[in-house]
Structure formats: structure tokens, C-alpha cells
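Engineer: Before we start, here is the structure in question, set down as C-alpha cells.
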Amino acid sequence: RINRVERKSTQTHTNTRRKMRLYESLASTSSILLVLVAGSLLLSSSSSSSCNGFVVDNVVKNNYQQRRNNNNVKLSMSLLDEGMVSRLDNIRRSYMALTERLGDPDVIADSNLLRKIMSDRSKSEEVVTSYEEYEALKIELDEAKELFNTDDSEMKEMAREEMRGIEPQLEGLEEVIRLLLLPKDPNDDRNVMLEIRAGTGGSEANIFAGDLVDVYRKYISSQGWKSTEMMSSLGDDGGYKSITLDVRGDRVYSKMKWEAGVHRVQRVPKTETQGRVHTSTATVAIMPECDEVDVKIDKTDLQITTMRSGGAGGQNVNKVETAVDLLHKPTGIRIKCTQQRSQLKNKEQAMKMLMGKLYDIQIEERQAEERERRGNQVGTGGRSEKIRTYNWKDSRCSDHRLGQNFPLAQFLSADIDPMISAMIAQDQAEKLKELADESSAQ
């Protein structure tokens, strides 16, 4: 009975010690805690493109279990190497320095500076917390191993049980930390312009483009995002020749970027009288929102003409030259805006779309260099890449980047999160492999 009481007391002490070690390094003075609350309110009042609070993205949270269930991905369960530990120590020092600055009266008095420090601090909070927990568990494991080497059989058994409980937690934390240390796409927090253009296939391509618009509008709504039509050209038999949507919400680009590329459909068109299967395509472009800081445009490279819009809108659009036709001479990109009722707003919208297209070209060039360096086959996100085929006869949606098939009804109902999550997991697997190769080379 005495041994059982001692064992229970030891377990309680161990759990308490573990919790104390985890939170000890993150404790702050009461004034700093008040600043954290104030800073959180400032961050929550900023735009939806701001950082994701103090929690890591849900995709990263769930990725470990998804990847364990994927037989094609092998996780590295070795302890964190010295280079990674050194990097984590540097992140923690930076995090603690930012935490101390929150108690500076000059910082508290400057709301903009406070918001920036809170934002920078929040980006490393999840890494630091996971690393603190990892270190605490490693200490617990070492103590359990020491206890296991004693002559007391009951203490040895208790230590064995504790080791069995700690080791899986350490493995999971190692994987989470590796994922958190992967380089982030700087555009993931941005809003996007979603452009869908009918490709080969005539009227059927226009109709298919319209089907894609319906799917993405449903998905946008399911995510709590908002979309606004910027410009469109209707097809003669339905659908769209082209359409551009402005999509705003939380981390839109991080998900929608995986939909960029050529989408192919195989089905009997509504316009087909002989019952033959046709193959048509539509191109999806995902352009992250940008501004003059991201893209420099020389005014001498622009050719702007105005005209009357025509159509609905009253005498204003029929008699006043509100439409804008903008040509970027170096690239040949031409944008015609007629949606707005004033020439100024149409010009602003045309410039916004031009900047988005030019920024998208820059991204594609950088991605091409990155793919060449990595030498992988992960989806490029380029406009010319065929990413999916939708087969109506077999009710199948084939993702060529993943080499997987999904039910067609799943895509048409806008349940595309499983496809996007699989793409994210595949991209992370490639980056983890690259990180492991770099560590082994050192």
C-alpha cells in the first residue's frame, strides 16, 4: 500500500513538474499580460488578411495524423538535429525579446508599433510553445529512463509506462515543429482575384467555365469569404467566355492557389445532337492581391482609351465615356472595364487587375526557379498545367498532380477541401524531404 501511495504521489509530482516547465518560460508580468490582451484586440480589428492569431493553421494541425495514415509518406522520427535546435533557440530568443518589448511604455503608447510587435510575436508563438513542450517532454523522458535503471521492479514498471506515453508525444511534436519551420508562402494571407477563361471546346467550354464559377462560388460561401464580380463576358449558349471575381476573406490564397491551372471536362455537351463525348477546357488563374509596393508600373508603358459602356445603366453609361480600355505595352496585357458607372472607378479597377496579372507573372517566374532547384513534380500552379479531368460518364474527378480520383459529385457540391488538403500535404512532404536532405548534407 505504501508503494502504491508513493507511485501515485510520484505520478502527480511528475505531471505538475511537466506543466510548470511548459509554462514557466512563457510567464510574464501582469502589465505584459494586459498588453497582450490589448494587442489581441488590435489584431482582431485589422483586416482579414492579417496573421492567424496565436494558433497554427488547421491544415498544419491535422497534417501529422493525415500523413501518418498515408502509406506513400514516411515520417522522420529522429530527434531534432543540432542545426534545427539552434534555429529554434534563436526563434525563442527573438520571441522573448518581443515579449519584453510589450512592457515598454513607448510601445504601449504607439498603437501601430504595438500591432506590429504583436503580429511578429504571434508568428513564432506556436513554434515556441511546441518547442517548450518538446523540451519538457525530453526532460521527462530522461528522468523516466533514469528511474527505469533502478532495482525497484515497481518503479521500473512505472517508468516503462511513462516512457511509453512520452515517446509518441515526442514524435508528434517533432513532426509539428518540422512543419512549423517550413518556409511560408508570403502570399498565403492575401485576398485574390479569381479568373476563369473558357479554353478549347467552343460553346461547351463556355458552359464548363460557368460550371466552375458555380462550384467556386459555393466554396467561397462555405468558407465564409466574400466575392464580387469585377468583369465578365457571357457565352452565346450560356456560361462565360471569361469572368474575374474579387475574393476576400481569411487566408484565401493559401487554399485557392491549388486550383490554378487547366481544368478539362469529358462529357456529352448540351449542344450535342449526336450523343458524342466532347473534350473541353477552362483555365483558372489565382492572382494574389497586391499594390504599388509589390509591382512597379511605368506610366509610359500604359495606353488608356475610354469609350461608352452601353447596355443597362441608364443614360449615363450610354452617353458618357465611362468604359476604360487599358493596354500594358511591354506584356501586351489588355483589360477592358465596363462594370462601374464612372470612368474613374473603371480605371482603378483596370489598374488593380493589371497589377494582379503582373504580380502573378512574377510569382510564376519565381516558382519556376524554385521547381528547377527542387527538381520535384509537385503541382506548379501555372496556368498551362493540366491539373484535373472531370469525366461525366464515369462520375470521376481525376487530380493529375496527386494521381488520385475523387467522386465527381463531391467536386460539383464544392467539397474540394480534401483535394486541397492533399495538395498541401504533398507539398509539405516535398519540403520536409528537402529539409532532411539539407540537414544530412551538413
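The values are calculated or read from the model by the stated rules, or taken from the named source; none is laboratory data. Everything numeric in this text was worked out from a predicted model, so none of it was measured. We place every Cβ from the backbone using ideal geometry, glycine too, and count neighbours over all the protein chains shown. Calculation scope for accessible area: heavy atoms of the full protein, side chains included, ligands and nucleic acids excluded. Shrake-Rupley method; radii C 1.70, N 1.55, O 1.52, S 1.80 Å.
Engineer: Open to solvent by 60 Å² or more (accessible area, probe 1.4 Å), under 25 Å from the mean Cα position of the chain (by Cα) and free of Cβ contacts under 8 Å to residues at least 12 places away in the same chain: is that true of Lys116 in this structure? Please lay out each step first, then the result.
Structural biologist: Numbers: open to solvent by 60 Å² or more (accessible area, probe 1.4 Å): yes; under 25 Å from the mean Cα position of the chain (by Cα): yes; free of Cβ contacts under 8 Å to residues at least 12 places away in the same chain: yes.
Yes.
Engineer: If Arg190 passes every condition in (1) in contact with a strand residue (DSSP E or B) (Cβ under 8 Å, 6 or more places away or on another chain); (2) farther than 30 Å from Gln362 by Cα but one, which one does it miss?
Structural biologist: Of everything listed in (1) in contact with a strand residue (DSSP E or B) (Cβ under 8 Å, 6 or more places away or on another chain); (2) farther than 30 Å from Gln362 by Cα, Arg190 misses just condition (2).
Engineer: Kindly list the number of the only condition in (1) in a strand (DSSP E or B); (2) open to solvent by less than 30 Å² (accessible area, probe 1.4 Å); (3) in contact with a Phe, Trp or Tyr (Cβ under 9 Å, 6 or more places away or on another chain) that fails for Arg197.
Structural biologist: Exception for Arg197: condition (2).
Engineer: Confirm whether Ile333 is modelled with pLDDT of 85 or more and either open to solvent by less than 90 Å² (accessible area, probe 1.4 Å) or within 19 Å of the chain's Cα centre (by Cα) (or both).
Structural biologist: Criteria met by Ile333.
Engineer: If you don't mind, there's one more thing I want to ask. Spot the failing condition for Ser153; the list is (1) without any contact (Cβ under 8 Å) to a residue 12 or more places away in the chain; (2) closer than 24 Å to Arg388 by Cα, and only one is missed.
Structural biologist: Failed condition: (2).
Engineer: So which residues in the range 400-416 are under 17 Å from Lys218 (Cα atoms) and either surrounded by 17 or more Cβ atoms within 10 Å (Cβ to Cβ) or touching a residue at least 60 places away in the same chain (Cβ under 8 Å) (or both)?
Structural biologist: Residues satisfying the conditions are Leu408, Phe411, Leu412, Ser413, Ala414, Ile416.
Engineer: For the subset of the range 231-282 comprising residues that are among the β-branched types (Val, Ile, Thr) and open to solvent by 40 Å² or more (accessible area, probe 1.4 Å), which member is farthest from Pro186 (Cα to Cα)?
Structural biologist: At the first step, the residues of the range 231-282 found to be among the β-branched types (Val, Ile, Thr) are 243-244, 247, 252, 262, 265, 268, 271, 273, 277, 279, 281.
Now drop any that are not open to solvent by 40 Å² or more (accessible area, probe 1.4 Å), which leaves 268, 271, 273, 277, 279.
Details: Val268: 42, Thr271: 44, Thr273: 49, Val277: 42, Thr279: 36 Å.
The residue in question is Thr273.
Engineer: Which condition breaks for Gly83 when tested against (1) modelled with pLDDT of 85 or more; (2) in a helix (DSSP H, G or I); (3) not hydrophobic (A, V, I, L, M, F, W, C)?
Structural biologist: Result: Gly83 passes all but (1).
Engineer: Tally time: how many residues in the range 141-177 are under 23 Å from Asp81 (Cβ atoms), of a type in the set (D, E, K, R) and either in a loop (DSSP other than H, G, I, E, B) or open to solvent by 70 Å² or more (accessible area, probe 1.4 Å) (or both)?
Structural biologist: Going through the range 141-177 one residue at a time, the tally reaches 3.
Engineer: Has the range 303-318 got any residue that is closer than 30 Å to Lys386 by Cβ, open to solvent by 50 Å² or more (accessible area, probe 1.4 Å) and either modelled with pLDDT under 85 or in contact with a strand residue (DSSP E or B) (Cβ under 9 Å, 6 or more places away or on another chain) (or both)? It would help to see each step written out before you state the result.
Structural biologist: Filtering the range 303-318 down to residues closer than 30 Å to Lys386 by Cβ leaves none.
Scanning the range 303-318 turns up no residue that is closer than 30 Å to Lys386 by Cβ, open to solvent by 50 Å² or more (accessible area, probe 1.4 Å) and either modelled with pLDDT under 85 or in contact with a strand residue (DSSP E or B) (Cβ under 9 Å, 6 or more places away or on another chain) (or both).
Engineer: Right, another one. For Val213, indicate whether it is touching a strand residue (DSSP E or B) at 6+ places or on another chain (Cβ under 9 Å), outside any helix (DSSP H, G or I), modelled with pLDDT of 95 or more and not basic (Lys, Arg).
Structural biologist: Details: touching a strand residue (DSSP E or B) at 6+ places or on another chain (Cβ under 9 Å): yes; outside any helix (DSSP H, G or I): no; modelled with pLDDT of 95 or more: yes; not basic (Lys, Arg): yes.
Judged against the criteria, Val213 is not a match.
Engineer: Surrounded by fewer than 20 Cβ atoms within 10 Å (Cβ to Cβ), part of a helix (DSSP H, G or I) and basic (Lys, Arg), is that true of Arg121?
Structural biologist: Numbers: surrounded by fewer than 20 Cβ atoms within 10 Å (Cβ to Cβ): no; part of a helix (DSSP H, G or I): yes; basic (Lys, Arg): yes.
Spelling it out, it is not the case that Arg121 is surrounded by fewer than 20 Cβ atoms within 10 Å (Cβ to Cβ), part of a helix (DSSP H, G or I) and basic (Lys, Arg).
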